[in-house]
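The block underneath contains the structure these notes are about, expressed in structure tokens.
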Amino acid sequence: MEAGVHYGYSRTRRHPTNSGLIYGTKDKVDIINLDKTIPQIEAAANFLQGLGAAGKTVLFVGVKPESRNAIHEISSLLKQPYVTERWIGGMLTNFPEIKRRINKLEDMREKKASGEYAKFTKKEQLLMSREEERLTKYFGGMVGVSKLPDAVFIIDSKKEHIAVAEARKSNIPVIAIGNTDCSIRGIDYPITANDSSASSIAAILGILKDAFQG
């Protein structure tokens, strides 16, 4: 409660699948029943603990401004891939193409580090630097990834519905934090909680991080 995990959206935005997870409504705003959320967090934590123990890969997705810092932090600590700028269509369902872009970024970084760019004109170097920046923005968090992840963690499953759909189509389990406007249908490990607060997101991710680390 101190982190604001219990704050939902207005009752008019409530998705029907969350009806049994609401404690009450105050000033037309839904209050999430944390007695329902805590078991959801525990289920997700147990699943992540198993993945961590088995050395599996989890792709962390958090594009909302409130989630980016927390996603960067947990991904860095756990050495897992992440997406924080924009979900590129086909990230999972057309992974071979995405892998080519990741390879291109890795190749550009290697050539730049080795001084190979020095043989090109300043204009050519500028164009290559811009291309590297663009690839880094969208695929920098995927560097080193050679295969599809074993699970996907998503913040705001409504906003990132394409990521959810691609994961389901690829038979990849989904763990997702979603506020009261998000459907929990089709989410393997839903966590009904405030997904628009940095403190709420950080509180939940802290528990999940510890679980993954064992």
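Residues being closer than 11 Å to Cys182 by Cβ, of a type in the set (D, E, K, R) and either free of Cβ contacts under 8 Å to residues at least 24 places away in the same chain or crowded, with 17+ Cβ neighbours inside 10 Å (or both): count how many of those fall in the range 1-27.
Total meeting the criteria: 1.
From the set of residues in the range 36-66 that are polar (S, T, N, Q) and part of a helix (DSSP H, G or I), which is farthest from Ser19 (Cα to Cα)? Please lay out each step first, then the result.
Looking only at the range 36-66, we keep the residues that are polar (S, T, N, Q), and these are 37, 40, 46, 49, 57.
Next cut, part of a helix (DSSP H, G or I) only: 37, 40, 46, 49.
Numbers: Thr37: 13, Gln40: 15, Asn46: 25, Gln49: 29 Å.
Residue satisfying both the conditions and the ranking: Gln49.
Name every residue in the range 82-100 that is surrounded by 14 or more Cβ atoms within 10 Å (Cβ to Cβ) and among the basic types (Lys, Arg), in order of residue number. Step through it out loud before you land on a result.
First, pick out the residues of the range 82-100 that are surrounded by 14 or more Cβ atoms within 10 Å (Cβ to Cβ): 82-85, 87-88, 91-93, 95, 98-99.
If the condition is that a residue be surrounded by 14 or more Cβ atoms within 10 Å (Cβ to Cβ) and among the basic types (Lys, Arg), then Lys99 is the only one that fits.
Which condition breaks for Asn46 when tested against (1) assigned by TED's automatic domain parsing to the domain that holds Ala165; (2) out of contact with any helix residue (DSSP H, G or I) (no Cβ under 9 Å at 6 or more places or on another chain)?
(2)
Report whether or not Asp195 is at pLDDT 95 or above, in the same structural domain as Ala45 (by TED's automatic domain parsing), within 16 Å of Ile71 (Cα to Cα) and assigned to a loop (DSSP other than H, G, I, E, B).
The answer is yes for Asp195.
Condition check: under 25 Å from Thr12 (Cα atoms), of a type in the set (Val, Ile, Thr), modelled with pLDDT of 95 or more and not in a helix (DSSP H, G or I). Does Ile184 satisfy that?
Against the criterion (under 25 Å from Thr12 (Cα atoms), of a type in the set (Val, Ile, Thr), modelled with pLDDT of 95 or more and not in a helix (DSSP H, G or I)), Ile184 qualifies.
Farther than 30 Å from Ala202 by Cα and of a type in the set (Lys, Arg), is that true of Lys64?
The answer is no for Lys64.
Can you work out which of the residues in the range 80-108 that are assigned to a helix (DSSP H, G or I) and free of Cβ contacts under 8 Å to residues at least 24 places away in the same chain is farthest from Val61 (Cα to Cα)?
So the first thing to find is which residues in the range 80-108 are assigned to a helix (DSSP H, G or I), and the list is 95-108.
Add one more test, that the residue is free of Cβ contacts under 8 Å to residues at least 24 places away in the same chain, and what stays is 96-97, 100, 103, 107.
Numbers: Pro96: 19, Glu97: 19, Arg100: 20, Asn103: 20, Asp107: 24 Å.
Here the residue is Asp107.
The values are calculated or read from the model by the stated rules, or taken from the named source; none is laboratory data. Source: prediction; values computed, not measured. A quick note on method: Cβ atoms are made from the backbone with ideal geometry, for glycine too, and the neighbour counts reach across all protein chains shown.
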